[in-house]
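Here is the structure we will look at.
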Amino acid sequence: MGSSRKQMDEDGVAETISLAARRLASPAFTSLFRQGMALIDETAAYLDGEGRTASRGLARGVLAAYAQQSLQLSTRLMQLASWLLLRRAVLEGDMSEESALRESARIDLDGPRRDLDQEAELPAQLAALVRRSHELQRQIVKLDAALRAPAETAGLRPNDVAGQIGKLRSAFERH
């Protein structure tokens, strides 16, 4: 998916429309936001309940992997939640786009490198939460990159025919 699309205005001049910005204002963003917040709630419930119980029976090496992955998962979800909340604040008019871009520059959307070997040692439920968090991260990183990409305006030229039609329309409207 490209980050912009060209559309002609009434004078035949090409305008660039940000598809990323349009997606933020769509039900797709609302779904992504809900998905992210639900994952945070589910992860917190697991780590405070069933995960704590499950970790007690783990071997020392697996327990170290569990602790490291739990910490990375919590940190990743905090970063993703921060980004989602900033974007929602812009949509609701509580924050300007410029402020959100400035604030989101402080958010680490990349995080540490993924350790698939370590993930394979985890209890199944924690491994599933880690996988889902990486998928959410992938979606947010892609959307954030599209929002930050400069408008693809190089090479845009007015459509000659549409421009002539616009001039004719103007000439006839004056008479």
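The values are calculated or read from the model by the stated rules, or taken from the named source; none is laboratory data. Computed from a predicted structure; not experimentally measured. Ideal geometry is used to build each Cβ from the backbone, glycine not excepted, and the neighbour counts take in all protein chains shown. Side chains are part of the model used for accessible areas, which takes the heavy atoms of the whole protein and leaves out ligands, DNA and RNA. Shrake-Rupley method; radii C 1.70, N 1.55, O 1.52, S 1.80 Å.
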Item to check | Count - residues of segment 55-85 that are charged (D, E, K, R) and under 21 Å from the mean Cα position of the chain (by Cα) | outcome: 1
Checklist outcome for this item: Scanning segment 78-120 for residues that are open to solvent by 30 Å² or more (accessible area, probe 1.4 Å) and touching a Phe, Trp or Tyr at 6+ places or on another chain (Cβ under 8 Å), the one nearest to GLY49 (Cα to Cα) turns out to be ARG88
Checklist entry - Among the residues of segment 43-54, which ones are surrounded by 15 or more Cβ atoms within 10 Å (Cβ to Cβ) and under 30 Å from LEU84 (Cα atoms)? => result THR43, TYR46, LEU47, GLY51
Checklist outcome for this item: Taking segment 118-154 and keeping only residues that are small (Gly, Ala, Ser) and in a helix (DSSP H, G or I), one is left with ALA120, ALA124, ALA127, ALA128, SER133, ALA145, ALA146
Item to check | Test set (1) at pLDDT 95 or above; (2) under 21 Å from VAL141 (Cβ atoms); (3) among the aliphatic types (A, V, I, L, M) - LEU126 fails condition number | outcome: (2)
Checklist entry - Which number in (1) open to solvent by 40 Å² or more (accessible area, probe 1.4 Å); (2) of a type in the set (D, E, K, R); (3) modelled with pLDDT under 95; (4) under 21 Å from the mean Cα position of the chain (by Cα) marks the one condition that GLU135 misses? => result (3)
Checklist entry - Among all residue pairs at least 6 apart or on different chains, which show Cβ distances below 8 Å where the first residue, located in segment 74-103, is of a type in the set (A, V, I, L, M) and the second is loosely packed, with under 14 Cβ neighbours inside 10 Å? => result VAL90/SER96; VAL90/GLU97; LEU91/ALA25; LEU101/ARG148
Item to check | In segment 28-48, residue farthest from the chain's Cα centre (by Cα) [restricted to those that are modelled with pLDDT of 95 or more and among the hydroxyl-bearing types (Ser, Thr, Tyr)] | outcome: TYR46
Checklist entry - among the acidic types (Asp, Glu) and over 18 Å from the mean Cα position of the chain (by Cα): does that describe ASP110? => result no
